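Asker: Have a look at this one before I ask anything.
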Amino acid sequence: MTRVVVDVMPKPEILDPQGQAVARALARLGFEGIVDVRQGKHFELDVDDSVDDETLAKIAEGCLANPVIEDWTVRRVSP
């Protein structure tokens, strides 16, 4: 079995109101130097060894991310 991590983030050109709200809240709480915050999604999948990288990419693109407005990365983190 392998642990796979899929991180999904809004594309750079897409407005991120949740990230902006977090950035404003950090400033109100006195945290300085925070220039920008982007909020995304983090998925962890446990898959058996028969699941190949092409299948994982299809899962990320078709089910976990909206390819019109989001980018994603897929990585295996354990053998």
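The values are calculated or read from the model by the stated rules, or taken from the named source; none is laboratory data. Model, not experiment: these values are computed from the prediction. Note that we place each Cβ from the backbone using ideal geometry, even for glycine, and neighbour counts take in every protein chain shown. Remember, those area values only see protein heavy atoms, side chains included, never the ligands or the DNA or RNA. Shrake-Rupley method; radii C 1.70, N 1.55, O 1.52, S 1.80 Å.
Asker: In this structure, is S78 small (G, A, S), assigned to a loop (DSSP other than H, G, I, E, B) and open to solvent by 90 Å² or more (accessible area, probe 1.4 Å)?
Answerer: No.
Asker: Would you confirm whether any residue within segment 22-36 is under 15 Å from the mean Cα position of the chain (by Cα) and modelled with pLDDT of 95 or more? Break it down stepwise before answering.
Answerer: Taking segment 22-36 as the starting set, the residues that turn out to be under 15 Å from the mean Cα position of the chain (by Cα) are none.
So far as segment 22-36 goes, no, none of its residues is under 15 Å from the mean Cα position of the chain (by Cα) and modelled with pLDDT of 95 or more.
Asker: Can you give me the number of residues within segment 14-66 that are open to solvent by 70 Å² or more (accessible area, probe 1.4 Å), more than 21 Å from R76 (Cα to Cα) and part of a helix (DSSP H, G or I)?
Answerer: Here the count works out to 5.
Asker: Now a separate question. Looking only at segment 49-76, how many residues end up being at pLDDT 95 or above and in contact with a strand residue (DSSP E or B) (Cβ under 8 Å, 6 or more places away or on another chain)?
Answerer: 17
Asker: Quick one: is V4 surrounded by 13 or more Cβ atoms within 10 Å (Cβ to Cβ) and in a strand (DSSP E or B)?
Answerer: yes
Asker: A follow-up question, please. I'd like the full set of residues that are in contact (Cβ under 8 Å) with a residue 40 or more places away in the chain, among the β-branched types (V, I, T) and closer than 20 Å to M1 by Cβ, limited to segment 18-72.
Answerer: Hits for segment 18-72 are V47, V51, I59.
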